[in-house]
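For reference, the structure discussed in these notes is given below.
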Amino acid sequence: MDDLAGFLRTRRSRVSPEAVGIPVDSRRRVEGLRREEVAHLAGVSVDYYVRLEQGRATQPSEQILDAIARVLGLDETEREHLCRLSRQRRRRAKTPGGRVRPELLRVLDLMTDAPAMIMNHRMDVLAGNRLAGLLFGRPVPTLNTARHIFLEEAGRGLYADWETCTLDVVGHLRLAAGQYPDDPQLTSLIGELSMSSERFRRLWARADVRARTHGRKAYRHPLVGLLELHQENFALPDESGMELVVLSAAADSPAGDGLRLLAGLDADCGGRTLTETNTAVGE
């Protein structure tokens, strides 16, 4: 699904020669840096870098990866992704399961003022509280947010910053593909999105990676209007690949008023039961 060679090629094409002190003229036809230029700036032989980019060099050292990351201007997330891809042949991460512990379900039920969900690396919602169901207008354990954003009309209408959300989704799936390259369901999801969405295909070809941590998330809810929420992603320490996602708003804000209005809607509009939620997703 992902490979070191392809990632290096896309990063190299985005570095301006002038930015690293290489003069250019009108005859230059290469977009970004040439392989030999990256090799020179990183202090490795051209032959080694070519073999690395072609996927023929194995076990690059941390020093080499650090040097290449510096030349290519990688941020921390991209640097970690580069290291993960370089280790794929030596150590393959086991694909995590999809069961949610009952104790985590109780935590979700205690959160009544903010939509909260547990998601896996494929962006399947494995569990969610009642307010999450009301936000999405459906039982959230049936939801894959990547499909929802790219393939469903309801998803395009719900996300106020739809284009930014698509960048985040593709960046996350790129990271997941590097971490779990042997997950057939992730491969299938990426294939489905590639076949069905031209925007996904275009963004996937860029090989960008993004980590989900925190930030603004805006929704246009059909019943309560615009909800400008703050999203926090908490990696669950004992559940590989799972995250607790919480969407909150300040109590005295318009979004806080909107969440209180949403919470007062008929429970039949969304939500979940423990029986629905604890069904394994993707197993």
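Of everything in segment 209-224, what is surrounded by 14 or more Cβ atoms within 10 Å (Cβ to Cβ) and not basic (Lys, Arg)? Give them in sequence order.
Within segment 209-224, VAL209, ALA211, ALA218, TYR219, HIS221, VAL224 meet the criteria.
Can you list the helices (runs of 4 or more DSSP H) found entirely within segment 1-92 that contain at least 1 residues being more than 20 Å from TYR180 (Cα to Cα)? Before the answer, list the steps.
On the way: elements: 4-12, 35-42, 46-53, 62-72, 76-86.
Counting at least 1 such residues, we get 4-12, 35-42, 46-53, 62-72.
Before we move on, is LEU167 over 21 Å from ALA249 (Cβ atoms), touching a residue at least 60 places away in the same chain (Cβ under 8 Å) and out of contact with any strand residue (DSSP E or B) (no Cβ under 7 Å at 6 or more places or on another chain)? Even if it seems obvious, please write down each step before you answer.
Details: over 21 Å from ALA249 (Cβ atoms): yes; touching a residue at least 60 places away in the same chain (Cβ under 8 Å): no; out of contact with any strand residue (DSSP E or B) (no Cβ under 7 Å at 6 or more places or on another chain): yes.
Against the criterion (over 21 Å from ALA249 (Cβ atoms), touching a residue at least 60 places away in the same chain (Cβ under 8 Å) and out of contact with any strand residue (DSSP E or B) (no Cβ under 7 Å at 6 or more places or on another chain)), LEU167 does not qualify.
Residue check: is VAL107 out of contact with any helix residue (DSSP H, G or I) (no Cβ under 8 Å at 6 or more places or on another chain), at pLDDT below 95 and within 23 Å of GLY241 (Cβ to Cβ)? Full working, then the answer.
Details: out of contact with any helix residue (DSSP H, G or I) (no Cβ under 8 Å at 6 or more places or on another chain): yes; at pLDDT below 95: yes; within 23 Å of GLY241 (Cβ to Cβ): yes.
Answer is yes for this residue.
So, in segment 10-54, how many residues would count as being surrounded by fewer than 16 Cβ atoms within 10 Å (Cβ to Cβ) and under 24 Å from the mean Cα position of the chain (by Cα)?
Here the count works out to 3.
Any residue at all in segment 73-82 that's more than 30 Å from LEU244 (Cβ to Cβ) and at pLDDT 90 or above?
Taking segment 73-82 and keeping what is more than 30 Å from LEU244 (Cβ to Cβ), we get 73.
Filter again for at pLDDT 90 or above, leaving 73.
Checked segment 73-82: at least one residue is more than 30 Å from LEU244 (Cβ to Cβ) and at pLDDT 90 or above.
The values are calculated or read from the model by the stated rules, or taken from the named source; none is laboratory data. All values derive from a computational prediction rather than experimental measurement. FYI the Cβ positions are ideal-geometry reconstructions off the backbone, even for glycines, and counts take in every protein chain you see.
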